[in-house]
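Everything on this sheet refers to the single structure shown next.
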Amino acid sequence: MENKVELKRSMGIWSGLSLVIGTVIGSGIFFKQAGVLQTAGSSTLGLLAWVAGGVITLAAGLTIAEIGARLPKTGGLYSYIEELYGPAAGFLTGWMQVVIYAPAVIASIAGYAAFLTANFLGLPTSAATWISVVFLLFIAGLNMLENRVAASFQVITTSIKLIPIAVLIIYGLFFGKVDALGQTVHQVSQSGGGFGMAILATLFAYDGWILLSNIAGELKNPRRDVPRSIVGGLILIVIAYVGVTFGVYHALPAEKVVALQNNATFAVAKAAFGDFGGRALSLAIIISMLGTLNGKMLSFPRMAYAMSLDGLFPKYLSKLTRKTQEPTNAIATVTIMTLVLAIFYTSGVDRLSDIAIFTIWIFYTAAFFGVFMLRRQVKQGKLEEMDTLFKTPLFPITPLVAIFGALFVIGSTVINDFTGAAISIVLVLIGLPVFYYYNKKRS
């Protein structure tokens, strides 16, 4: 009887939009302005870097939106790569995201949110580890309830995080007295790369939107809601990122933004509302990161569930709780892996998530090429065409922009962090014997 329990299709367009926006917008929008500005060398180039990163990300989203509409399956990137390139490539995609990336990035976000919470409450930093444990258990518990509970939490936290973003944009635009464009920075980042590396920094800040495709099986109308949520969410994210950056540049001189580093947005909030503004922004960032945590916890276990359903992960991960119709075993497993990292490997979590991101972009590139493959299958009559299907606009220019952006990320990482790139590839290849074991068992 257990195998008759299916994922519940109860989430609509608002849940999808909230997941895209809430998963991408965490803390980066509040802390990245100084770093991008310092790397770019001027406020004009800094702002253009955010625009360029947004254009590349939007092109990527428009490309994946068509793939998601043609292949509306739970599992997201794993399912796409498997359909396009075969089971081995699909497994390696999911292996990296479930076993390495998911625990590392979730633990990293929880740790940072816990650190901010400890400071906000006036607790010693040593308390941050256990605060992160509380956050993780809370979010995991939330996701073990019916999916509409986690979806509602995502809508609420996304709505809350948009308030300080709107305040920063409005204050910077209407009350800032500094020329936002044309300012140069004398203390340019020594890491090199200039404008190109500034774009790279923004691309990492924009990352995470594709996780919506992991829950396609729980959307009421995935063919319609996946593309609409990705495209609509990314448009709002780009407006928010560019708007906050312009607001900060318009409110503070460029040199001061660089000098303040992570505290630049807090300085703008304090200028608008005094100390209360700074504390309110801290609280909003904590809530924002809890929403990001929820989005990750909502999506990554679905990939483990989908892989288990295909016989490529332990069978218990594909079991759904009858009452809630949730993959509670998969959620519990991802949570346990995350807790181990959060408690025992705190110092290495950020590094682990950084090198995992590089690998994900390799699979992004493969997925972007997939839109050409799927359209060819339609021409050959191997795939059904639907008049109402979402199609990537300005084809083939849009997917080519996405591919260029992905190759830029991969190339830049290899040049600037060859060791990290090599470790990433090794971690992926470790998954091959695991795949052959499960594939033989499945056969």
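The values are calculated or read from the model by the stated rules, or taken from the named source; none is laboratory data. Owing to the predicted nature of the structure, the values given are computational and were not obtained by experimental measurement. In this analysis, Cβ positions are derived from the backbone assuming ideal geometry, glycine residues included, and neighbour counts consider all displayed protein chains. Keep in mind that these areas ignore ligands, DNA and RNA; they rest on the heavy atoms of the full protein, side chains included. Shrake-Rupley method; radii C 1.70, N 1.55, O 1.52, S 1.80 Å.
Quick notes on this one:
- Rolling a 1.4 Å probe over the heavy atoms of the protein chains gives region 25-112 an accessible area of 20 Å² per residue.
- The stretch between Leu389 and Val434, if pulled fully straight at 0.36 nm per residue, gains 12.6 nm over its current Cα-Cα span.
- When only alpha carbons are used to place a centre, region 391-443 and region 295-323 end up 22 Å from one another.
- Fraction in percent of alpha-carbon pairs per bin - 10 Å, the chain: 5, 21, 32, 27, 11, 3, 0
- Note on Lys440: lysines with a C-alpha under 26 Å away, same-chain residues under 8 apart excluded, are Lys4, Lys73, Lys315, Lys319.
- C-alpha long axis of helix 13-24 to longest principal axis of the chain, angle in °: 60
- Considering only alpha-carbon pairs that sit under 8 angstrom and 6 or more positions apart, the relative contact order computed for the chain is 34 percent.
- Between 0 and 90 degrees, the angle of helix 194-206 with respect to the longest Cα principal axis of the chain falls at about 60 degrees.
- Cα long-axis angle, helix 43-70 against the chain (0 to 90 degrees, to the nearest 10): 20
- For region 364-422, the fraction of C-alpha pairs more than 19 angstrom apart is 46%.
- When each of the peptides 432-442, 357-367, 55-65 is scored by the mean number of other C-beta atoms lying within 10 Å of its residues, the order from highest to lowest reads 55-65, 357-367, 432-442.
- For Arg279, the accessible area of its heavy atoms, probed at 1.4 Å with every protein chain present, is near 120 square angstrom.
- Efficiency of FRET between Leu181 and Ile397 - r from beta-carbon atoms, R0 25 angstrom, step 0.05: 0.35
- When each of the peptides 302-309, 172-179 is scored by the mean number of other C-beta atoms lying within 10 Å of its residues, the order from highest to lowest reads 302-309, 172-179.
- Remark: the Phe404-Ala88 segment gains 111.3 nm on full extension, using 0.36 nm per residue and subtracting the alpha carbon distance.
- For the listed peptides 221-231, 157-167, a ranking on the average number of other beta carbons within 10 Å per residue, highest first, reads 221-231, 157-167.
- Dividing the summed helix terms, -39500 (n - 2.57) for each DSSP H run of n ≥ 4, by the number of residues in the chain produces a 222 nm estimate of -24500 deg cm²/dmol to the nearest 500.
- For Gln380 and Leu121, the difference between the fully extended length at 0.36 nm per residue and the C-alpha to C-alpha distance is 87.0 nm.
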